[in-house]
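*Asks:* The structure follows.
The values are calculated or read from the model by the stated rules, or taken from the named source; none is laboratory data. Computed from a predicted structure; not experimentally measured. Here the Cβ positions follow ideal geometry from the backbone for every residue, glycine too, while neighbour counts run over all protein chains shown. Remember, those area values only see protein heavy atoms, side chains included, never the ligands or the DNA or RNA. Shrake-Rupley method; radii C 1.70, N 1.55, O 1.52, S 1.80 Å.
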Amino acid sequence: MATSGLVSHFVAMAGNNAWANHRLLRACQALTPAEFTRQRTGFFPSLRATLNHILWVDIYYIDALHRDPTVLQRYHDPPPDFPDARQLYTAQRASDRRLVDFCERQTEASLAEGLVLPRPNRTPPASSVASILEHLFQHQIHHRGQAHAMLSSTDVKPPQLDEFFLAGEEHLRRDELIELGLPLT
């Protein structure tokens, strides 16, 4: 694991991402499949749709960051549609691990490298790996916030998601970080 600079920031963000997904999806596991699928107000119409979308975008971006040549061929494949939070949790956790591992292997130089994100009808300009990671984390935060708000309309209490980085709150995440195989921050 990197110890300083931009690399360590992205490793920390990937860890935060995995931890927040863990907390949110664990809370959603208390919902029945019908509650998980019930229409709610948000960018996507349900917790199921929102959380499956997060996973689908993760898969696309992480594959692209790994320079997988089949990314564009799979661009229009049906997105994942896990019917309950338990099944989705397993797939999201694997995706989160891939992202943590990717970030841990980066260097300042590799973060500055350009990468063209494959699109079916155009060739966009290259973005830096750092910019793509920033976008991916922002995407996660954006939709996780919507899912968090949706969860508040159920009988399940939404979990706290904003105490990852503060030293005085380490005890609030320690067991989960150990469970996820993430370093204690």
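*Asks:* Per the Cauchy relation, a quarter of the hull surface: what is the mean projected area of the convex hull of the alpha carbons in region 16-64, in nm²?
*Replies:* Taking the Cα atoms of region 16-64, their convex hull projects to 3.8 nm² on average.
*Asks:* Roughly how many whole Å is it from the C-alpha centroid of region 15-49 to that of region 80-153?
*Replies:* 17
*Asks:* Moving to a separate point now. When ligands, DNA and RNA are left out and all protein chains stay put, how many square angstrom of accessible area per residue does the chain have with a 1.4 Å probe?
*Replies:* Here the per-residue accessible area is 51 Å².
*Asks:* Ok, one more. Could the peptides 52-58, 77-83, 119-125 be put in order, highest first, of the mean number of other beta-carbon atoms found within 10 Å of their residues?
*Replies:* Highest-to-lowest ranking by the protection proxy: 52-58, 77-83, 119-125.
*Asks:* Another one. Based on the inverse mean of 1/r over its pairs of different Cα atoms, what is the Kirkwood hydrodynamic radius of region 11-135, in Å?
*Replies:* With all distinct Cα pairs of region 11-135 included, I get 15.7 Å.
*Asks:* When averaged across all projection directions, what area in nm² does the alpha-carbon convex hull of region 31-97 cover?
*Replies:* 4.8
*Asks:* Next up: Considering only protein heavy atoms and a probe of 1.4 Å, how much of the accessible area of region 117-185 is carbon and sulfur, as a whole percent?
*Replies:* About 53 percent, which is the carbon plus sulfur part of the accessible surface.
*Asks:* On to the next question. Applying a 10 Å radius around every beta-carbon, put 84-97, 62-75 in order of their mean neighbour count, most first.
*Replies:* 84-97, 62-75
*Asks:* Give me the percent relative contact order of the chain, please, defined on Cα pairs under 8 angstrom at least 6 residues apart.
*Replies:* Value for the chain: 32 percent.
*Asks:* Could you give the dipole magnitude of region 1-64 about its Cα centre, charging the beta-carbon of Lys and Arg +1 and that of Asp and Glu -1, in debye to the nearest 20?
*Replies:* Once rounded to the nearest 20, the dipole reads 260 debye.
*Asks:* How big is the charge dipole of the chain about its Cα centre, in debye rounded to the nearest 20, if each Lys and Arg gets +1 on its Cβ and each Asp and Glu gets -1 on its Cβ?
*Replies:* 460
*Asks:* Between Gln106, Pro33, Trp19, whose Cα lies farthest towards the positive end of the dipole of the chain when Lys and Arg beta carbons carry +1 and Asp and Glu beta carbons carry -1, centred on the Cα centre?
*Replies:* Looking along the dipole axis, the top candidate is Pro33.
*Asks:* Report, in deg cm²/dmol and to the nearest 500, the calculated mean residue ellipticity at 222 nm for the chain, where each DSSP H run with n ≥ 4 adds -39500 (n - 2.57) and the sum is divided by the residue count.
*Replies:* -18000 deg cm²/dmol
*Asks:* Taking the Cα centre of region 50-131 as origin and charging only Cβ (+1 Lys, Arg; -1 Asp, Glu), how large is the dipole, in debye to the nearest 20?
*Replies:* Dipole of region 50-131, to the nearest 20 debye: 120 debye.
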